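Encoded as structure tokens, the structure appears first; notes follow it.
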Amino acid sequence: MAIAVVAGASGGVGAALVRALREQGGFEEVVTLSRTGEPAFDITDEASIAAAAQALAGRDVRLVIDATGFLHDERFQPEKNLRQLDPEHMLHSFKVNAMGPALMMKHFLPLCPREGRFVFATLSARVGSIGDNKLGGWHSYRASKAALNQFMRTSAVELSRTRPHAICVSLHPGTVDTRMSQVFAKQGLDVRPPAVAAADLLRVIETLTPQQTGGFFDYKGEVVPF
Ligand SMILES: NC(=O)c1ccc[n+]([C@@H]2O[C@H](COP(=O)([O-])OP(=O)(O)OC[C@H]3O[C@@H](n4cnc5c(N)ncnc54)[C@H](OP(=O)(O)O)[C@@H]3O)[C@@H](O)[C@H]2O)c1
């Protein structure tokens, strides 16, 4: 009786992932975690992450997707240059995009069963790739996603020692039409509907093998350079 978990289920991509997983029917239950859920799940609050994982102890968790993330809000806009760097903005980006998912790995990876398929996927972003950064800007988002990828990789290495069958990866969903991208999605960019992005991501997740754990992949399954 396999369980899937989606954190950030209130977001554009997260909600589409939940819908797609429920439509596909491969899991007995799709557990949703969000700030507006009951109990509330806040990725900046370790106690709420720990409680969410604890509630699933002993259950057959086979898939965990972290679809939380932060780019902008009414307080903070992505930086265009160094002059705009602000410690509060940097801190908030790191809390949501890097530290929170790292703490999710701390509390959710121990739920990995001793045998059989298990995937933990965190939604990163191609702009978090250091090797691919040719445009600059968006300092806090880029750096926090790069940190996320390092947390993911380090956790994947550790997990593989006791769970060689487990898969822990970062995924880039592409540019998706959500709250996060609405302000920035320029014409000409390939902006995809959340349902399409979710279907692509689930297809990639299905085809991943344990040999690919610790990797960073886009929605087509292609490797993104760190
Ligand atoms: N959309 C794109 O074009 C794009 C491109 C590359 C990567 N990504 C990545 O894909 C993921 C999903 O993004 P999206 O486009 O679906 O964005 P979104 O619609 O803005 O959703 C973001 C999600 O993160 C949640 N979140 C933010 N702060 C949180 C906190 N403190 N605790 C718990 N949840 C929190 C939001 O919850 P609330 O509803 O409570 O605010 C929401 O569920 C993110 O990691 C993003 O960086 C997106």
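The values are calculated or read from the model by the stated rules, or taken from the named source; none is laboratory data. As the structure is a prediction and not an experimental result, all values here were calculated from the model. Every residue, glycine as well, gets a Cβ built from its backbone with ideal geometry; the counts of neighbours run over all protein chains shown.
Observations on the structure shown:
- Scanning region 8-36 for residues that are without any contact (Cβ under 8 Å) to a residue 40 or more places away in the chain and near the ligand (Cβ under 9 Å from one of its atoms) yields SER10, LEU33, SER34, ARG35, THR36.
- Region 163-194, residues that are of a type outside the set (Gly, Ala, Ser), away from the ligand (no atom under 12 Å from the Cβ) and buried (at least 17 other Cβ atoms within 10 Å of the Cβ): ARG163, ILE167, CYS168, VAL169
- Some residue of region 65-88 being within 16 Å of the ligand (Cβ to nearest atom), closer than 18 Å to ILE205 by Cα and not in a loop (DSSP other than H, G, I, E, B): yes
- Selection count, region 116-141, where residues are part of a loop (DSSP other than H, G, I, E, B) and among the β-branched types (Val, Ile, Thr): 1
- Evaluating LEU91 against the criteria (1) crowded, with 18+ Cβ neighbours inside 10 Å; (2) closer than 21 Å to ASN149 by Cα leaves one unmet condition, (1).
- Among all positions in region 139-151, there is no residue which is over 25 Å from PRO113 (Cβ atoms), aliphatic (A, V, I, L, M) and modelled with pLDDT under 95.
- When ALA146, ALA197 are checked against the criterion of being within 11 Å of the ligand (Cβ to nearest atom), of a type in the set (Gly, Ala, Ser) and assigned to a helix (DSSP H, G or I), ALA197 stands alone in meeting it.
- Filter result (assigned to a helix (DSSP H, G or I) and not basic (Lys, Arg)) within region 200-219: ASP200, LEU201, LEU202, VAL204, ILE205, GLU206, THR207, PRO210, GLN211, GLN212
- Close pairs from region 111-137: first on the phi > 0 side of the Ramachandran plot, partner within 14 Å of the ligand (Cβ to nearest atom), Cβ under 8 Å, at least 6 apart: GLY137/PRO78
- In region 37-49, residue nearest to the ligand (Cβ to nearest atom) [restricted to those that are surrounded by 21 or more Cβ atoms within 10 Å (Cβ to Cβ) and in a loop (DSSP other than H, G, I, E, B)]: ILE43
- All conditions but one from (1) touching a residue at least 60 places away in the same chain (Cβ under 8 Å); (2) outside any loop (DSSP other than H, G, I, E, B) apply to ALA52; the one that does not is (1).
- Hits in region 1-20 - residues which are closer than 25 Å to SER181 by Cα and over 16 Å from the mean Cα position of the chain (by Cα): ARG19, ALA20
- When region 94-118 is limited to residues that are away from the ligand (no atom under 15 Å from the Cβ) and within 19 Å of the chain's Cα centre (by Cα), the one that is surrounded by the fewest Cβ atoms within 10 Å (Cβ to Cβ) turns out to be PRO110.
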